[in-house]
Amino acid sequence: MATAKSAKKSNTSKEELLEHYREMLLIRRFEEKAGQLYGMGLIGGFCHLYIGQEAVVVGLEAAAEEGDKRVTSYRDHGHMLACGMDPKGVMAELTGREGGYSKGKGGSMHMFSTEKHFYGGHGIVGAQVPIGAGLAFADKYLGNDRVTFTYFGDGAANQGQVAETYNMAELWDLPVIFVIENNQYAMGTSMKRATKSPSLWERGAAYGIEGEEVDGMDVLAVKAAGEKAIAHCRAGKGPYILEMKTYRYRGHSMSDPAKYRTREEVQKMRDEKDPIEHVRDLLIQGKHASEDDLKAVDKEIKQIVNDAADFARESPEPALDELWTDIYA
Ligand SMILES: Cc1ncc(C[n+]2csc(CCOP(=O)(O)OP(=O)(O)O)c2C)c(N)n1
Ligand SMILES: [Mg+2]
């Protein structure tokens, strides 16, 4: 684990560290609350939690600028919160209520915000990858210098459409950052059982795409890698691959009994690599914050999450005639 020294070395200010801490904690507490509401029967259908992977989106969003775009899979609550979508609207969508981002008709996997340039939320594994290249194509066509973050998992990385997208993205120099969130499992299948090469980013070489592996549990490493990838894209050099080595603490979805790995494996990750504890250590050891300061942050975040849950419960279910709206764009 990095020490306070690494914060100084990276010239990360106290304010930045506190911001990373706050944003990662918001995702974690939001997801814990979503897990509770699911257990109470208030969230139906699928619900895939992001707990453990928070540093990936928070680090990349810290490097992003206004107008940059993002698209991801069904494990999408963290991405929405990190790009500034309202926790109330996200929670209300999870509970299928009118106040949700898709008026309660989409649920956990299907939310969008054109205002925040968040393009979903996709339940078909890998489907968001060509969509991300399409968003990047639009920016290139319009002649601006925006980039698109296209997130997908280690399992999705084996999809044929990813290979096809790599080829076209490099051929057309599209400003797309392929973010592989390698959390080591695709449902109950460990990467070791499904993939011969342990290095997913290196596959880009077959298409001429540069990339690198990143410690996805270290928000500062993620941000630095994000800045590099963004500079590459904005300079018109085409796509870039970031393989984030990360880990999900919870099951694949809420209905996963998690028989494919040991409790000890998960506990070891939590103890040794937790992304929030890492920043907490930097803050405390660097004397940037006291235990009491961080307790106050925790309290503030819990309040935001409780307010979101209250909003979600109080928002009505969508009216029946909503069945016939929003079918075609
Ligand atoms: C085309 C397709 N095949 C299979 C599934 C079922 N499925 C849903 S998630 C998943 C695993 C994907 O794992 P990964 O890409 O590593 O993402 P993670 O869940 O770890 O975030 C599978 C096989 C699906 N939704 N779509
Ligand atoms: Mg995975």
| When you count, for each residue, the other Cβ atoms within 10 Å and take the mean per peptide, how do 274-282, 91-99, 291-299, 112-120 rank with the highest first? | 91-99, 274-282, 112-120, 291-299
| remark: Note: Glu164 to Asp292 extended length (0.36 nm per residue) minus current alpha-carbon separation gives 40.9 nm
| Can you pull the Kirkwood radius for the stretch 6-71, inverse mean 1/r over Cα pairs, to one decimal in Å? | 13.9
| Can you work out ³J(HN,Hα) from phi for every residue in the stretch 104-117, in order, using Karplus 6.51 cos²θ - 1.76 cosθ + 1.60 and θ = phi - 60°, giving whole Hz and x for Gly and Pro? | x, 9, x, x, 3, 8, 10, 10, 9, 8, 5, 4, 9, 6
| At a Förster radius of 22 Å, what calculated FRET efficiency corresponds to the Cβ-Cβ distance of Arg263 and Phe46, to the nearest 0.05? | 0.40
| field | Added length on full extension, which subtracts the Cα-Cα distance from 0.36 nm per residue, Tyr328 to Arg270 | value | 16.5 nm
| remark: Dividing the mean separation of Cα pairs under 8 Å (6+ apart) by the residue count of the chain yields a relative contact order in percent of 25
| message | For a test of the definition: using alpha carbon positions, the gyration tensor, and the 1.5 limit on a/c, classify the stretch 28-114 as rounded, prolate or oblate. | response | oblate
| field | At least 30 Å along the helix axis (C-alpha) and Kyte average at least -1.0, DSSP helices within the chain | value | 14-39, 291-314
| said: Let me see the P(r) profile for the stretch 260-329: every Cα-Cα distance counted, bins of 10 Å, each bin given as a percent of all pairs. | reply: 15, 22, 24, 19, 17, 3
| field | Over 27 Å between alpha carbons, listed pairs Lys116/Lys259; Lys88/Lys295; Lys88/Lys273; Lys69/Lys245; Lys33/Lys268; Lys245/Lys287 | value | Lys116/Lys259; Lys88/Lys273; Lys245/Lys287
| Say we join alpha carbon atoms closer than 10 Å with springs in a Gaussian network model of the chain; which of Gly126, Gly160, Gly59 then has the biggest fluctuation? | Gly160
| task | List the relative contact order of the stretch 207-317 as a percent without decimals, with contacts defined as Cα pairs under 8 Å and 6+ residues apart. | result | 22
| query | What Rg and what Dmax come out for the stretch 4-313 when only alpha-carbon atoms are used, in angstroms? | reply | 18.6, 53
| message | Quick one: 3J(HN,Hα) in Hz for the stretch 122-127, Karplus 6.51/-1.76/1.60 with θ = phi - 60°, rounded, Gly and Pro as x. | response | 9, x, 8, 4, x, 4
| Ascending count of other beta-carbon atoms within 10 Å, so fewest first, for Arg248, Arg261, Arg193 | Arg193, Arg261, Arg248
| Given the options Leu242, Leu171, Leu60, which has the most mean-square fluctuation in a GNM of the chain, springs set between C-alpha atoms less than 10 angstrom apart? | Leu171
| field | Potential extension, Asn11-Ser197 segment - 0.36 nm per residue separation minus Cα distance | value | 63.4 nm
| Dimensionless Rg/Rh of the stretch 166-293 - Kirkwood Rh, Rg from C-alpha atoms | 1.05
| note | Between Ala231 and Glu317, the FRET efficiency computed from the C-beta separation at R0 = 51 Å comes out, to the nearest 0.05, as 0.65
| remark: Rounded to the nearest 500, the 222 nm mean residue ellipticity computed for the chain from DSSP H runs (n ≥ 4, each -39500 (n - 2.57)) alone is -14000 deg cm²/dmol
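Rule-based calculations on the coordinates, nothing more; no lab input. Quantities reported herein were computed from a predicted structural model and do not represent experimental measurements. Neighbour counts run over all protein chains shown; Cβ positions are idealised from the backbone, glycine included.
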